[in-house]
Each structure stands twice: as C-alpha cells, then as structure tokens.
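One structure below.
The values are calculated or read from the model by the stated rules, or taken from the named source; none is laboratory data. Everything numeric in this text was worked out from a predicted model, so none of it was measured. We place every Cβ from the backbone using ideal geometry, glycine too, and count neighbours over all the protein chains shown. Ligands, DNA and RNA are stripped out before the accessible areas are found, and what is left, the full protein with its side chains, is counted by its heavy atoms. Shrake-Rupley method; radii C 1.70, N 1.55, O 1.52, S 1.80 Å.
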Amino acid sequence: MKKKKLNLRDIKQHSETEHNHDDGHNHGENQSGFKVYVPAIISFVMLIIGIALDYFNVTFFKNWLRLGWYIIAYFPVGLPVLKEGWRSIKKGDVFTEFFLMSLATIGAFAIGEFPEGVAVMLFYAVGELFQNAAVNRAKGNIKALLDVRPKEANVFRNGDIESVSPETVAIGEKIQIKVGEKISLDGVLISEKGSLNTAALTGESKPDTITKGTSVFAGSINLENVIEVEVTKEFKDSSIARILDLVQNATARKSKTELFIRKFARIYTPIVVFLAIGVTFLPYLFVSDYVFRDWLYRALIFLVISCPCALVISIPLGYFGGLGAASKNGILFKGASFLDAMTKINTLVMDKTGTVTKGIFKIKQIKAVNWDEKEFMKYLIAIEEQSTHPIAKAILEYKAEGTDYEASEVSEIAGKGLKGIVNNKTVLVGNKALMTANNIKALEETETIVESIVLVAIDDAFAGYVVIADELKDDAKETIIALHNIGIKNIMMLSGDKDSITQKVASELNIKKAKGGLLPEDKLNEVEKLKQNPDNKIAFIGDGINDAPVLAASDVGIAMGGLGSDVAIETADVIIQTDQPSKMVKAIKISRSTRKIVWQNIILAFGVKVIVLILGAGGLATMWEAVFADVGVALLAILNAVRLQRISWN
C-alpha cells in the first residue's frame, strides 16, 4: 500500500478511498527542496513580529490592522488544515485532528487571542514537519532495500548483448553482470566462479564467494570479474521482487496495540469535544461570576489537548521503525502484528538440518586399518566416483595426492553399498549389512557411531571407515545460550533425521527436548500438542519447505534463508535472510525494544494530556501548555520512536 506524502501546503491529502484516524498519518516520498518549509517560516516570522509589536504596544498596530496581520500569518499553515477539515466533514468524518485544530484556532481568533491562534496552528505544522522527517528516517533502511531493485539487465540475444528491462527477460536466457553491477534476476552462475556482495539482501557485509552452478539472487552486487548467469525465474517471481513487495506492504498488518489506540482515538476525540462544549456552557448554571469568554478559552484548550496526534502518529511510527530496524539486520517481518507476537514467545521449536546445521555432509573422521590414510582414501574415492549419493559427494571432496585410481566392474548392491575392482583388488564400500554379507568383521567401535558411516573392505579384509556428518552452524551454540539468556527456556528440536543423530546434535547444543525420524505431519502433531497448553506461545524456525505446515500452525513461523525459498516467503511470518540462527535472538530483541518504546509513548501521551486537561478545566493552563500537551508530546514521542534506528542489538 504505497502512501502519499503529506506537506504543509496540502497536509494529509485524502486518498480517493478514505482518510481517517484508522489509517493514521500518510507518509511517502519526501518533498524536495526548501519550499516545504516556506509556509511555516512565513507564519513564524509574522508571528514573532506581531508579538513584538504587541509587546512594545506600537500605536498603529491596533484593531483591524492587527487582526489582518495575524490572519495573514495564520493562512500559510492554517489554510491547508481548514481545507482538509472541510473535506473530512463532507465525507462524514467530523472528529478529525483537522476539525479540532480548525475549531480551536478559529475560536482563539473569535475571543481575540490572535497570537495563540496562530501559534497553535504553527506548532501543529512544525510537528508535521518533524513527523515527516522522522518517518523518512525510519523508512531509510527499507528504502535502502528498495534501492536494490535492478534497473536493467544485459542479456545475450542474437549474438549480441542488449540492455533491457529485467521484466522482459525470459527463463533460460543468459545475462552478463559487470564488476560493480547488480544481478538483475534470480539464476544460476554459469561462469567458473564469482564474488558477490549480498549485504542489501541479507544484512551481511562479508562477500560471498560462489562457484559454477550456485544459485544467485537479484540485488546481489558482482565484486570481481565479469560473470554470466542463466535466468531461472521471471523478475516478478524473483526473490527480491517478492521481498520488496512484502516490505512495502508490511505496515498493512497492524498490531493489536495500533488498532486499539486508533479505535480508542475515534471514540475519545468526540467525547472530549462534547466535554469542551460542557466546559463552555455548564458553568453558567453553577458559577455566580460566569464569564463566557473565560470558559470558552478553557474549552478551546480542551480541544487542542484532545487531538490524539501523539498516539496516532508515534505508535505506528514506533512499529514502522521496528520493521525498518529489522530489515536493516536482514530480518523481514510481514507486519507489525508479528512484532507484537514475537514479544510473547516463550517456546521455540526448531528444525535441525539447515537451521542449526549447515545441511552439507562433510568428512568428520577417517580411520584406516593397516593402510596408509591417503592410500586408503584413493581406493574409496575410486569407487565413490561411480555414485551420485550425497555421502559420495562429501567423500570426493577429500584430496589425495598422487595418481588417482580408477575403478572397474562397479556394481550396486541394493540397500547395502557398492562393489568394484581397483588396482586388481576387490573393494567393498557400504554399511554393516554389506560387511556381514561378505563375512567381514568391522571394528567394534563402529557400533557406537551414530553419524553416517561408510565401511570399507579391500580383498576381503576390513580396511577402515569414514564418518560423514552434518556440521553445526558457526553461531548455533551461541544462539541457544543467548535464547536462554533472554528468557526462552523451553526449546525443542524436531527433525526428520535419525533420532540418534538428532539427540546427539541436541546434546551438543544443550537442548533438553528433541525428537528425530519425524515426517512433516509428525512435526505438526508435536506442535499441536504444545499448543494444547494455552500458556505456550510458540515460534517455529525451519527451512520453510518441508516445514511449511508447522510454520503455518505456529504463533510465529520463522523461515531460514528466505531468499532461496518461495515456500518460506509464502508461509512464514518472519523471514531471516541469512542462514544464521542467531538472527532469531536479534528478532526477539528488536520486537521487545519496539514494544517498549510504543508503551513509553502511550504512557507519555496519556499522562501529559490528562494533567493538562485537568489544569485547563481549572483555568490553570493556557494555550501554550495545550500546545505542549499536543504537539510537544507528539514530538517527544516521535523522537523516542526514532531511537529504534540507533539501537544496536548485540
């Protein structure tokens, strides 16, 4: 929902559909140049001159000349508000801040308080300028993300390179990216290698070195050498396009606090208007020395104070600042409602593979029996070169020196492994069942290894084994410690991997509850059991593909590595754009900081307004105190909300 800019010449211009306090304040692109400040400057200069002429009691500055001067001072900032108030009334929305400000300032003129009438409207206008500056600052991080939208693509067509709009490039076409340019569409690297800066997408400044066949994403910046990419998605379906759309529309999902305050403001404002009418006329029945002008003045103070600007501006701005701060840190919330929901999380359920582990098999241990390790590995590699299994790929990453061996007569033994001839020796590679079937006794220690293990026999003698395991992510352990430190004690791991492996990983991470060997529906059942306790507020963090049902069922679904997963973007409520589980901790901290600032603003606004309302009704407050209670408190609340952009959550 793209919103239009408000400015002093046309404050809060209505959209074609509606405008009311329920949509808050519209903020969009910043007005360029000095001219946006001109109306406020003109009014301010004329107001100061008028007050000076009044103070020195200049003889000619009387009657109609004085009235005319203040009317002219009023118009630059007051006319846009009067127009907007009239538009609101015509649409049936009477009790807006425009109506309140118009009524209060015209009333001040009616009782001869010309300077105060101008001052109230001027400070309101200045408040709008501060508000715009604060919103634009809060949007800065999101704008930085929007700026990664690629403008053009260099595509190979008809034996030449054409510069075209990314929207016109089809799947399968090849594009070229020069050094310093942004990748315009999602695709696969077809050059041998490349180095990319993905900071705008992931929040990580460290360059990402990639090799041929690696997926790349639109918005990444090419750092070294000219590279070529084969397009795998149309621009409208690319990860960056969908994330941009998500961010632009994030504020459409209002938090419960936001919705409550706005509904309250629409009830509270007319109540105060009628109270102001009561303040004007009811004392006539009870006060012996009733003076209409005095009580009207008190009523006008009531009206100025009653404007719910501080609440209606600062609360959405607080949430908007939280969304912006999160995006700066590579975390995308789909709306303010999920910022609120994240603060209530007390139970975290996590997937294992791809969430706390890297999801990539690596050689963890090599044990050669009566063989030199490198010689042993040459025999093993010769056989595994004939396999496409992920474990085989992990073994092939081992670099043995010397001439490579070649295998012949390689055959697969279903469910057990491979058999072949290497250097005229019979080689068996597989599991315990393969060894048992060939009467080969493996070492007893292999019985206690829970990770994936490859047993090797050469010429009917046990030659050794290789342990293959998934690696923990670099920040996995510190994430669990940090979660405990911020009060998330109930952590559970659910995995489709073998239960023995799952339990070992959970033990390494100090996670007390873990279950393995689960299908997606089993994970969903486990989460449903947790939800039976109404005190449990559950977040699930997973890779967003097989875990989609659980992501949807949780109070907050968090997807890892959202750039690479369409399902993650569709299903999850929060998307962590890197594969770092530690971002989960940062997401909780940002949510809590946002909520804290929002409640600080609510208490500040209500507290000051109540105090000044009481003083105003008792005749102890002037328009100047009323201006502070309205515009001053709004400015303080805005400045408080802007603090979110400066906080570091480490």
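Things worth noting here:
- Lone unmet requirement of (1) under 34 Å from the mean Cα position of the chain (by Cα); (2) over 30 Å from Asp535 (Cβ atoms); (3) not in a helix (DSSP H, G or I) for Ser387: (1)
- Residue within the range 327-335 that is more than 10 Å from the chain's Cα centre (by Cα), surrounded by fewer than 24 Cβ atoms within 10 Å (Cβ to Cβ), farther than 17 Å from Met623 by Cα and touching a residue at least 24 places away in the same chain (Cβ under 8 Å) present: no
- Condition check for Lys367 on (1) basic (Lys, Arg); (2) without any contact (Cβ under 8 Å) to a residue 60 or more places away in the chain; (3) open to solvent by 40 Å² or more (accessible area, probe 1.4 Å); (4) more than 28 Å from Asp351 (Cα to Cα): one failure, at (2).
- Set side by side, the residues Val627, Val610, Val598 differ, and just one is modelled with pLDDT under 85 and in contact with a helix residue (DSSP H, G or I) (Cβ under 6 Å, 6 or more places away or on another chain), which is Val627.
- Qualifying strands (runs of 3 or more DSSP E) (wholly inside the range 428-519; at least 1 residues being open to solvent by 30 Å² or more (accessible area, probe 1.4 Å), without any contact (Cβ under 8 Å) to a residue 40 or more places away in the chain and more than 26 Å from Glu397 (Cβ to Cβ)): 513-515
- Of the residues in the range 394-414, not one is of a type outside the set (A, V, I, L, M, F, W, C), touching a residue at least 12 places away in the same chain (Cβ under 8 Å) and buried (at least 22 other Cβ atoms within 10 Å of the Cβ).
- Members of the range 390-415 found to be of a type outside the set (Val, Ile, Thr), modelled with pLDDT of 75 or more and either assigned to a loop (DSSP other than H, G, I, E, B) or in contact with a helix residue (DSSP H, G or I) (Cβ under 8 Å, 6 or more places away or on another chain) (or both), listed by number: Ala392, Leu396, Glu397, Tyr398, Asp404, Tyr405, Glu406, Ala407, Ala414, Gly415
- Matching residues in the range 109-120 - criterion: being in a helix (DSSP H, G or I) and within 15 Å of Ile51 (Cβ to Cβ): Phe114, Pro115, Glu116, Gly117, Val118, Ala119, Val120
- Residues that are assigned to a helix (DSSP H, G or I) and either small (Gly, Ala, Ser) or at pLDDT below 80 (or both) within the range 274-297 comprise Ala276, Gly278, listed in sequence order.
- Unique residue being open to solvent by less than 10 Å² (accessible area, probe 1.4 Å), assigned to a helix (DSSP H, G or I) and modelled with pLDDT of 85 or more when the list is Leu311, Leu380, Leu300: Leu380
- The set of residues in the range 160-180 that are surrounded by fewer than 17 Cβ atoms within 10 Å (Cβ to Cβ) and not in a strand (DSSP E or B) comprises Ser165, Glu167, Thr168, Ala170, Ile171, Gly172, Lys178, Val179, Gly180.
- First in the range 91-120 and surrounded by fewer than 24 Cβ atoms within 10 Å (Cβ to Cβ), second anywhere and among the hydrophobic types (A, V, I, L, M, F, W, C) and at pLDDT below 85, Cβ under 6 Å, 6 or more apart: Leu103/Leu303; Gly107/Leu300
- For the range 585-612, residues that are farther than 25 Å from Gly557 by Cβ, crowded, with 21+ Cβ neighbours inside 10 Å and of a type outside the set (Val, Ile, Thr) total 3.
- For the criterion of being open to solvent by less than 60 Å² (accessible area, probe 1.4 Å), within 44 Å of the chain's Cα centre (by Cα), over 30 Å from Lys596 (Cα atoms) and not hydroxyl-bearing (Ser, Thr, Tyr), Lys352 passes.
- Verdict on Ser582 being under 29 Å from Gly557 (Cβ atoms), of a type in the set (S, T, N, Q), within 16 Å of the chain's Cα centre (by Cα) and open to solvent by 40 Å² or more (accessible area, probe 1.4 Å): no
- Test: Asn141 is over 30 Å from Thr214 (Cα atoms) and modelled with pLDDT under 80: no
- Of all residues in the range 322-374 being among the acidic types (Asp, Glu) and not in a loop (DSSP other than H, G, I, E, B), the one that is nearest to Ser591 (Cα to Cα): Asp340
- Note on the range 220-239: among residues that are in a loop (DSSP other than H, G, I, E, B), closer than 20 Å to Ile161 by Cα and in contact with a helix residue (DSSP H, G or I) (Cβ under 9 Å, 6 or more places away or on another chain), the one that is most open to solvent (accessible area, probe 1.4 Å) is Glu234.
- Restricting attention to the range 199-218 and to residues that are at pLDDT 85 or above and outside any loop (DSSP other than H, G, I, E, B), the residue that is farthest from Ala587 (Cα to Cα) turns out to be Thr211.
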